[in-house]
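**Q** One structure, pasted below without further comment.
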Amino acid sequence: MSQAASIHVGKEEQEAFFAVPSAMILKDMRGTFSLYLKQRDDFVLYARAGEVFGERHQQVLVASGVQALYVREHERPEYKEHVVRSLGTVLGDDSIPLPARAQIFYEASAEVVEEVFTNKLPPTIRRDQFNRVLEFVTKGVSFLTLENSIRTIASLIAHDYHTFTHSVHVFIYSQIILQTYGFDDKSLVQFGLGAMLHDIGKTFIDDAILSKPGPLTWEEREVINEHPVLGAGACTLMPLSQDALNCILFHHEKMDGSGYPCGLQGEEIPLPVRAVTIADIYDAICSHRPYAKARNAFQVLRLMKDEMGHGLDLDMFARFVRLLSGAGMV
């Protein structure tokens, strides 16, 4: 252990730390944040910011059975940047026990859920509704773990962390819609998995096209339009229900038949898919994109109604607007 490990932090400063899974600390990484061990009532400096976290560090953790390290609260932004860079790598590392990776994925997803409920939804969306959405995140993670399909999520996160957070947002918004329709829990879990994986096909699309700051050419648009089919194909070996696969394959279909890849219209589009479509469009326009700045919720809903209403299930859209306006569950 390095000389820095002899530095202790007293009880009065203990509240200024948060725990991080030791599996998130990669060998040979040079952290931009310091790492601490907790020993009884003290925090002990284990690796300084800027110090290479080498094999010796990892060996000590494994030999000691340490499952968590600690980071000072004021360095949380630096740790968050590390998660953005490294989460996909960790989830795809088969040398890390699957339960540990599942817990890391759950915690990352739960943090996104908490952020959405805190900052993007009205206070009338009650805490019990938050807990119910979080319950479906838990069930979804359990499903992916049992089927050893977490590497599919890992590939999405490694390709683009922001596509992952968008997918969790779509999961949340579509869930608060679909939970008003009386579906059973088993179906809602599958709808949630479809929402979470709806953009998995983008892992096969060149980053230069996905992050292009200007308008796409016709050829580039054709490439982008392949992602629902590519995504459904990538998930065919996973034991997803047809409902989940439908959400992946058809989330760009439009009620007036102008969508892709099949040109479905009206009732041909399954109801869960229509919820994912609304959630997908809403979150995309609310978020900063390479080619467009984020808009506020009112602007987005107005745009969706006035310019995109022909492609949406307007009854479902009205239900979504009532939820976002704070009218509560229908």
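The values are calculated or read from the model by the stated rules, or taken from the named source; none is laboratory data. The model shown is predicted, which means the values in this text are computed figures rather than measured ones. FYI the Cβ positions are ideal-geometry reconstructions off the backbone, even for glycines, and counts take in every protein chain you see.
**Q** Do we find that PHE191 is under 28 Å from PHE298 (Cα atoms) and in a helix (DSSP H, G or I) in this structure?
**A** Criteria met by PHE191.
**Q** Right, next: Six or more apart or on different chains, Cβ atoms under 9 Å: show the pairs whose first residue is in the stretch 187-202 and of a type in the set (Ser, Thr, Tyr) and whose second is outside any loop (DSSP other than H, G, I, E, B).
**A** Within 9 Å, the pairs are SER187/LEU178; SER187/ASP243; SER187/PRO272.
**Q** Can you name every residue in the stretch 265-283 that is surrounded by fewer than 20 Cβ atoms within 10 Å (Cβ to Cβ) and touching a helix residue (DSSP H, G or I) at 6+ places or on another chain (Cβ under 7 Å)?
**A** PRO270 - this is the single residue of the stretch 265-283 that is surrounded by fewer than 20 Cβ atoms within 10 Å (Cβ to Cβ) and touching a helix residue (DSSP H, G or I) at 6+ places or on another chain (Cβ under 7 Å).
**Q** Any chance you could count how many residues in the stretch 189-208 are buried (at least 23 other Cβ atoms within 10 Å of the Cβ), among the aromatic types (Phe, Trp, Tyr) and farther than 19 Å from ILE278 by Cβ?
**A** Result for the stretch 189-208: 0.
**Q** In the set GLY263, GLY309, which member is farther than 24 Å from LYS186 by Cα and either assigned to a loop (DSSP other than H, G, I, E, B) or not assigned by TED's automatic domain parsing to the domain that holds LEU210 (or both)? I'd like the intermediate steps shown before the answer.
**A** On the way: GLY309 fails: either assigned to a loop (DSSP other than H, G, I, E, B) or not assigned by TED's automatic domain parsing to the domain that holds LEU210 (or both).
Of GLY263, GLY309, the one residue that is farther than 24 Å from LYS186 by Cα and either assigned to a loop (DSSP other than H, G, I, E, B) or not assigned by TED's automatic domain parsing to the domain that holds LEU210 (or both) is GLY263.
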